[in-house]
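Q: The structure's right below; bear with me while I get my questions together.
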Amino acid sequence: MSKVRMIADDEMRKATRERGLLAPVRVKVKLRQGEELRETVWQPKGGPSNPMSQDEIREKFRECARQAGLPASAAKNGIGCHRTAGNPGEYP
């Protein structure tokens with residue numbers, strides 16, 4: 001038996017259409033001891049109605065670079081390029 005199942009949720013589909021939500025999601029986890037943990041996220045972090053801060057964007061970039069096997073110095077250089085690519089006044 002698979003440990004992970006994905007099931008379409010009609011309430012989430014309806015919310016996407018009617019409320020204009022980007023990607024609402026509901027997660028239910030059943031633990032071995034029988035306990036169930038549930039969480040619903042209507043507005044995912046990083047979406048238009050719940051934007052990430054500049055610090056969160058930089059941290060996400062560093063984490064993605066780390067998972068890709070890049071050294072920290074490469075991530076730092078990438079963040080520096082990002083800062084200078086746009087309008088310098090946009091970045092703290």
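The values are calculated or read from the model by the stated rules, or taken from the named source; none is laboratory data. Just so you know, these numbers come straight off a predicted model, no measurement behind them. Virtual Cβ from ideal backbone geometry, glycine too; neighbours counted across all protein chains shown.
Q: Would you say GLN43 is in the same structural domain as VAL4 (by TED's automatic domain parsing), at pLDDT 90 or above and either among the small types (Gly, Ala, Ser) or assigned to a loop (DSSP other than H, G, I, E, B) (or both)?
A: No.
Q: Please list, ordered by first then second residue, the pairs with beta carbon atoms under 6 Å, 6 or more apart or interchain, first in the range 1-27 and surrounded by 10 or more Cβ atoms within 10 Å (Cβ to Cβ), second β-branched (Val, Ile, Thr) and not in a loop (DSSP other than H, G, I, E, B).
A: Final answer for the pair search is VAL25/VAL41; ARG26/THR40.
Q: Give GLY20, GLY34 a once-over and let me know the one that is modelled with pLDDT of 85 or more and of a type in the set (Gly, Ala, Ser).
A: Selected residue: GLY34, the only one of GLY20, GLY34 that is modelled with pLDDT of 85 or more and of a type in the set (Gly, Ala, Ser).
Q: In the range 1-13, how many are under 23 Å from GLY46 (Cβ atoms) and not in a loop (DSSP other than H, G, I, E, B)?
A: Within the range 1-13, residues that are under 23 Å from GLY46 (Cβ atoms) and not in a loop (DSSP other than H, G, I, E, B) number 3.
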